[in-house]
Each structure stands twice: as C-alpha cells, then as structure tokens.
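Bear in mind these aren't lab numbers, they're just calculated from the coordinates by the rules spelled out. Values in this document were obtained by computation on a predicted structure and should not be read as measured data. Heads up, the Cβs are rebuilt from the backbone with ideal geometry, glycines too, and the neighbour counts pull from every protein chain shown.
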Amino acid sequence: MPERLDLLQGTLDLLILKALSLGPLHGYGVLLRIGQISSQRLEIQQGSLYPALYRLEHQGLIASEWGESDNKRKAKYYRLTPSGRRQLRSEAEKWSEMAGLMASILSTTTEEI
Amino acid sequence: MSIASRLRSWWRATRHASRMESDMDREMRAHMEARAADLTGRGIAPEEARRRAEMEFGPVAQTMEACRDARAANLVPSLVQDLAFGFRVLRKNPGFASIAVITLALGIGATTAVFSLVNSVLLRSLPYRNPDRLVYLFEPVPHITGVPLEAWGPFNADFYDWQSQSRSFSHLAIFTADSTNLAVNGTAIRVSSSRVTGEFFQTLGLAPELGRAISPDDDRPGSDNVAVISHALWQSQFGADPHVLGRQVLFNAKPRRIIGVMPAGFRFPHGAESFETAEAGGRATDVWVPLALSPKEKAMRDEGPGYAIGFLKPGVTLPRAQAEIAAMVASVDKLHPPFFQGATSLIRPFDAEITGGSRHALLTFLAAVLLVLLIASSNVASLVLARMHGRAREFSLRAALGASRGRLIRQLSTESLCLAGAGGLLGVLAAWLTIRLLVHFHAANIPRLDETSIDARVLLFALGTSLATVFLCGLFPAWPASRCNIHEVMKRSASRTVRGTASNLHRGLMIGQVALTFVLLAGSGLLIRSFLNLQAVHKGFLPAATVSVDIRLDARYNTPERQVAFFRRVIDETSRLPGVEAAAAANFLPLGGGQSLSAIEVEGYPFDDKTFFEQRDVSPAYFAAEGIPILEGRSFTGADTTGTQPVIIISRSFARRYFPGQSALGKKIHTTGHRVVVGVVGDVRQYSLETAPPMQFYVPLLQDGQWAANIVARTTISPDRLASDMRALVRNIDPAVAIGTVRTGSELVAAATAERRFETFLLTAFAAIGLFLSLVGLYALLSYSVEQRTAEIGVRMALGAQPASILRQVIAQGSTLALAGIALGFAAAWFAARSIASLLFEVKPTDAPTFLAVAALFCAVALAACYFPARRATQVDPIVSLRTE
C-alpha cells in the first residue's frame, strides 16, 4: 500500500474544484474521485468535506442541486460554476509555480552556490 | 466570488433556515448510507458497515455548525444574542450607560438640528418646477458704486426687448415687492403685495389652488383690476370661503376682483433675502396684482422699478443666456441716459440669490457642531475605554474560553450600537425640540428657516451620524481591548503593584477633546466680543422710548399738497396724544430698512457723480423724536414747506469733509432744487449698525411730499396703547388707509443685531456643550484613575504620605492633560479663526485678549473638574483600600 500524505492547508478547496471540473458529483462522490485520481494516496477526513463544499458554494465557485444517484437515491449534486473554473485555473497555475520553485530550491547543492 | 453571490447565499441561508437545516441533514445521511453501501459491497456486515461509516464521518453536529458558519447562517441569531447581552450589560451599569447616552444625544441632537437647518435652507430644492432653471436677471451699471446688486432691476424697455427677442428663456417676468392697504370689509389692513407681469406665475411654474393665476391678458391698463391672494390671507380674511372668487376688495383704495388663491407655502417674493427692504416688510406675500405698465412706461430706459426672473429653455446654460442678454444690453446702451450708460447684465441662479447670504454662517455652524459631535464621541470613547480596563478580566476569561478576537470586537461594537441607538433616538427628539424653538424665535432673518423640519434626509443623516459614533466610540477602543494578553491580565490581577493609570490612547483622546473644545470656545469668544462691540457702537440716535408705524398712501393722494396735508395732520394729532413728547415723519427710519442714496452738487466743489450721500426726508420734530443732536443751526420748522426757500440739514462728517474750519450754515447745495444749509446734526448709523455712517443730508418731508412715511413718536406710554390710539386717529382721517407694523426703536435695534445675536448664541451654545462634555470627560478620567489607584494611594498613606501631596499629584495629572489640550487648541484656533473673520465685528480673528481669557477660563474650570476626584483620593482609608482586592 502506498504511503499516505497529509493534506496541506488550503489544498482541499483546490482538490474539490479539480474533482468537480471532471463532472458533477455528490459529496461522497467527490471523496471517491479524489481518492481515485490520487491513486488512494490522499485521504480526506469525511466530515471536513462538507464545510469546504458549503464555503465554496457560498463563494459562488460551485453550485448545487438535488438529483438522483446511480442507485436511485436522492443526492445533492455539485458542479463547477464559470467563476469556479477560472479560480481553478489560476490556483493551479500558482500551485505548479510554487511546486517548481520549492523543488528547485530543495534540489540545490553546495556546488551550485 | 462576488459580494452579490455571497449576499444571495447568506440571504437563502437566513431566509430558508429550516430548509437548509433539513437539506444538510439529508445530505449527510445520504453520504453515510452511500459509504455503508460501499462497505457492504466489500463483504462487511450491514450493521458493522453503518457503524464504520458513522465513525469515519466524524461528529455530525460539529460538521453542521461549521457548514452554517461557512454560509454565514449564524449572523442574525448571534447578532440578536449580542444585542440582548449588550442591553443586559448596560442595564447593570446605569451610571455609565446614562452618561454615555446623554452625551451622544447632545452630540447627535445638536448636529441633527443644525443639519436640518442647512437642509431646509440650502439643500432642499425650492417648491417650483425645475428650480435649477430659474434665474434672476440684473442690469447693473458698474461705474455707479455703492449700490447693492439687488437694486439693479432691468430698465423697463430693456426688459421688454429681452422678452420679445431673447431665445434663451421660455418665460420672463418682472415683479415688485411692496406693501399695500387692502380693505376687505370696509376696514383697511396692511398687506405684503407684489405687482407682477403676465408671465410671472408661468415663470415659476406654479398654479393656484383655486381659480386662475394672472395671465398676460390681465397685464394691461384697463383690464388689470384683478388680484390673486395667498392661502394665508384667504384663511384669515375670508374664512377659507370657497366662493371667494369674484369678491371685490379695495387695493390701495382701488377696487379689484379676486381671481385666484395660491397654495399654502407659496409666498414669493417676500421672505427672499434680497428683498428685505423697507417697502417690502413682512415675510410672505399676501396679494399679487398685475403690474400693467402703460406703453409709455414700457418704453422707459431710465426706470426699472421691478426685479426680473426668467426660466431657461431646456439645454440653455447660464453663461449662454448671460452672453445673449449682455449683447442685447450693449446694443441699446446708447439709448440709456448718460448717467446709466455702460450698463451690463448679470444672471444669477435663483436659489443662490434667495439664500446666498446665509450660506457661510450656516456652514460655519455645521463645522462647529461637527466639532461638538467629535467631542461627544471621543468622550464616550474614553468612557468605553475606561470601562474596558475594568473589564479586562472578563475579556481574558472569555478569550481563554475560546472566544475569537473578532467575536470580542463584535460584542463590544454591539454594546456601542445599543448606546448610539438610544443616543440617536434621544438626539432626534432633542433636535426636533431645538428646531421648534429656533423656528419659533426665528431670530435671524434667515430665508426659509421657518420651513425647517425633520424629513427623510435629516433622519438618514441622524442615522449616519449615529453609526459614525458607533465606529468612533465602539470599534476604536475595542481594538486594543480585544488584543488582551491572558497571561498579563491574570498576573496583574494577582499582584498589588502600581498599575498603569490610563492608557495613552485614553490620554490622547482627552487632550484632543480639550483642544477641540478650546477651538469652539475661542470662536464663540470672538463672536461674543464682536457682539459686545456692536452693542457699544455709537448709534447716533436714542432708540429707547421711540415707537414707529409706517403709513402708505394710495392713488387718491396724487399731489404733494394732499400728501403733505395728510401727514401734517397725522403728525399734529399724534404729538397731541397724551404721553407723546415729540412726533415726526421720515421716509426711512434708522435701522428700519430702506436706503436712498443721492449724488449732489456742493457749493465750491465740482459735481461728482461717484460720491453718494444718504438722503432722508424728515419732518420738523424728527431730530427731537429720534434723539439726534443738533450741533449747529436749527431743525426744520413748520415754515419750511411748499413754496418757501428750500432748505437742507447735513451731518457732521459731511460738514467736516466739505466745509472744514468754517460754518456750514448758509452754504448752498444742489439736489432736488437749490437748497440752503440751515443746520448740522450728528452722524447716524441709519442703514446698518456695522458700517460707519456715510455722509448724510436731510430735506424737509413736508416741503416735497411723499407717498409713504414712517411716523415716529418719542413717548413714555406703551407701544400697544400708542398703536391703538394711532389706528383710531388715522381711521378718523381716512378709513381706507391702514397703519403698518408697529415697531419700537429697541425692536429695530434688536432686529438689526438679530442675525449676529443668533450666530453668537448658537456658537456659544455649542461651545458650552463642548465645555460641559470635556469637563465630564476630564472628571470621569480622573475619577477612574483614582479608583484604579486606590490600593496604591492606600499604601502611600499608610506609609505617611500627606493628603496635600496626594491632592497635588492627582490635580497635576489632570491639569497636565488639560494644559496640553489647551495649548494644542490654542494653536489650532489661531489658524482656524481666520475662517470666521467675515462674521466678526471690530475684532481681529487672532485677538490675543480673547484667546487668553478663554484659556484662563478653561484652566479654571478644568482645575475644578480635577479637584473633586483629587479630594476623593485624599479621603482614601488605607485599611479599607488594602482590603479592596
């Protein structure tokens, strides 16, 4: 089993946006999608998902409506709004820039200074 | 994430709270069921699967609370909670709460009252259609100086040129403001009247509430025997009779038919600032009649008895209209008599002309009252701050129990909101009462002042002011308090060492408050000095014990002989009344309003058309009746009448300037006829108390005759007695002539100083409120600091400190603050005083004695405010104080 990583502060919102950018999901579906695309290396405390969803909806980045799930149950589906899509793009850019910067700092050796 | 989407989300969450709750519940239950189903699919027993799903999900109640917070659904319930708590806290501290509320009520009330004055006088638009397109048109002749702009109505023929040719105006009209005898049922009364041209009501865009307005068809000689009356006259003289139309009245002894009644509140032109003239009198027009100039009068280019107003066509700017009229004036300038050549035109917005003069004074009041508000807010802020120190333990406890900093600030701001809300309500009430009083006394001749009322804009202003004070006195002190350090507080409360007395912020507020108060006090000191200077000014006449009425004749008295006969009889009979020492007539009384300026030719000097002399037409006993000293020669006598040698009396300055070192008697002066100087009298401040008297001369009223005159009597009997005696006497001579307003000399002086008295009173009231507030603030700060130091003082007394030294120390603490504030305020006032220079009279804005006196007064009362807390400190019982903790 691969090693599990702790979630960095603030990354949950980004992960939710990413997960929803691939298609509308209900809450539990978001968890499953994140697990799937991270090859089960990220695990999210299930209860902590909802405040984040409500916060994103409050900010207008995602929208929700009640629908029917695969097993014919009522479920609340979330989808990305246009402003959520913009937010995802800019956050993703910032993230990869930061990640690149951190990687290059951490790989610096004595000879290079 | 726009503000709008957040607000929408918050609104949904708040509005549909129960639906949101059930949705949340359903959603989380669905989540756990889905998880359980997944686990069952992996071969786990259903019972166990559900248990695991619930465990993995975590505490549901906390998650739901976090969701509510995320959507701000908690805002309203917790606000209500805060408000309730705030009220409880304030109710437990009635002393603090009532001082704070009263302070805020004073500040908000004074500010709201002054704002409502500004609102009704300067901001509220005039009750006419499109008042911003209404303008005044003047035709001044620049080389004739010393004549106020308002006196330059257009020359008749010029005006009719404009009316027929101008393309800038859709309507133009001229009107007069005068006063007339009106007989309704055989008894004549005096009313304020206006003669208007046909488009007057169209220009203002106002329709009568009954009947019709004056039309261009009425404005012709022969068909002009109509009148429009005011709502007030309709009620007082006709008992609001709906069949008043068609009734006959005698207007200056000439019958006219009533054709319309104007709506209540319409009273133009009387009451507008520019027309406070002797002829006008009164503050509201009662009767409008057609001007009906004859073709000959319309063609005059040297006469212009009326004022002109116009209504601009849509899209025409004021400069464009001005340019057009200026070109028209220039093209006919050659047709003016030589004296009036070089005439120009000036167009001014209507509202500025109506209230322009009061603008500066009102804005000064507004600035002063905002200082009062600032003082009140900072006073409450320092009270809140002092309490904050006392509540440090409460706050650290709440912080320790997990209250966030934002939560603490919110709690404190809601408490201030309660204070400001109560203060605001009381303040609006106080403002309402103040406005009632101000309007009732209507002391200051400020146009439109009596229309003052509290409207939506004033209420909005009061609300804004209250919210601003919440910010100033709640949030501002809450900031440092919310940052309290739990360790620090716990440590401090356990120790018994000397504590910090008051924070720097607290001391800073106090100094600022004292400085602002000083600025107000210095301003009111300067105004008081101006007022005293004005009271002490040498008027040149003795106003006490004089009573005057004005009388106006009508068209039946169309020869000088008839006029002279009438007035001579009135004067003779008045002077025979019991208790009357002397009675006389004059065209204008000192300070009674009205001005007559003439250029004259003096013997031995070339004619100078640039120098104007004040002319007065008076009857023989005038100088005795008004108490004006005769310095040389004689007064007029009954022998100076039509057909005898024309005579003239000149003022002292006139004699000194033109006949230095010699007697003026017997010199010749050419004015209306060649006259001989028969006397020299003292200078009189006729027109205004505030300007030095110009050169003056007098001609006999009973030599030339006059349409109107003021009868003045020096008497010991009451004004009311004299008025009723005179009314009977005049009615006996001619029942169609009414006597005008009865005024005593002291009333005329009071009216001439009313505006200054009003300004002085208002600013002094503000300064007094400011002084009171800052003394309360100083007292509260010292009391608080003595209370905080009870233990320390107890220890020192136990160790043998003398009460005197403790007294000195506390007083020194207070007076240091007061002195710092006074010094700062001194500097600020020194610069700020320049802005009220135009309101001062014979005092420099930087008048050192005033500043020093104000500083000394302030120091004295500040010492008194320090003394009481200091004496309390000396009465500390060491035993008791050591036990307090």
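Assorted remarks:
- Shape class of segment B:155-198 from the alpha-carbon gyration tensor: prolate, with a/c at 1.5 or above and a/b greater than b/c.
- Each Cα pair under 8 Å and six or more residues apart adds its sequence gap; the mean of these over the residue count of segment B:86-227 is a relative contact order of 14 percent.
- P(r) tail, segment B:757-885: Cα-Cα pairs separated by more than 25 Å, 41% of all pairs.
- Amide proton proximity set for B:S179, modelled H, under 5 Å, gap of 5+: B:S193
- Mean per-residue shielding of peptide A:56-65 is 4, counting Cβ atoms of other chains within 10 Å of each Cβ.
- Computed from label points 7 Å out along Cα-Cβ, the spacing between A:M102 and B:A848 is 7.3 nm.
- Shielding by partners for peptide B:21-32, expressed as the average number of C-beta atoms from other protein chains within 10 Å of each residue's C-beta, is 4.
- Counting beta carbons within 10 Å around each of B:V564, B:V795, B:V332 and listing the fewest first gives the order B:V332, B:V795, B:V564.
- Nearest-ten-degree value, helix B:719-733 long axis tilted from longest Cα axis of chain B: 40 degrees
- Averaging the sequence gap over all C-alpha pairs within less than 8 Å and six or more residues apart, then dividing by the number of residues, gives chain B a relative contact order of 15 percent.
- Note on A:Q40/A:D70: beta-carbon distance plugged into 1/(1 + (r/R0)^6) with R0 of 25 Å gives a FRET efficiency of 0.75.
- Checking the Cα-Cα distances for B:K610/B:K844; B:K296/B:K334; B:K334/B:K667; B:K313/B:K334 against a 26 Å cut-off, the pairs over it are B:K610/B:K844; B:K334/B:K667; B:K313/B:K334.
- Convex hull volume of segment B:555-735 per residue (C-alpha atoms, cubic angstrom): 126 Å³
- In terms of other Cβ atoms within 10 Å, B:W162, B:W11, B:W830 run from fewest to most in the order B:W11, B:W830, B:W162.
- Percent of Cα pairs exceeding the 24 Å cut-off, where the set is segment B:640-797: 66 percent
- When the Gaussian network model of chain A links Cα atoms closer than 10 Å, the mean-square fluctuations of A:G67, A:G27, A:G84 top out at A:G67.
- Placed amide H near A:T81: partners under 5 Å, 5+ positions off or other chain: A:I62, A:A63
- Using the Cβ-Cβ distance between A:R86 and B:R29 with R0 set to 30 Å, the FRET efficiency from 1/(1 + (r/R0)^6) comes to roughly 0.35.
- Between the alpha-carbon centres of segment B:745-804 and segment A:53-113 there is a gap of 62 Å.
- In chain B, the inverse of the mean reciprocal separation of distinct Cα atoms equals 33.6 Å; this is its Kirkwood hydrodynamic radius.
- Each semi-axis of the equivalent ellipsoid for segment B:703-763 is √(5λ) with λ an eigenvalue of the Cα gyration tensor; in descending order they amount to 30, 15, 11 Å.
- Relative to the dominant Cα principal axis of chain B, helix B:359-390 is inclined by about 20°.
- Cα-based values for the protein assembly as shown, radius of gyration first and Dmax second, are 41.3, 138 Å.
- Degrees separating the helix B:848-874 axis from the principal Cα axis of chain B, which is the longest one: 30 degrees
- Each peptide in A:55-62, B:36-43 was scored by the mean count of other Cβ atoms within 10 Å over its residues; highest first, the order is A:55-62, B:36-43.
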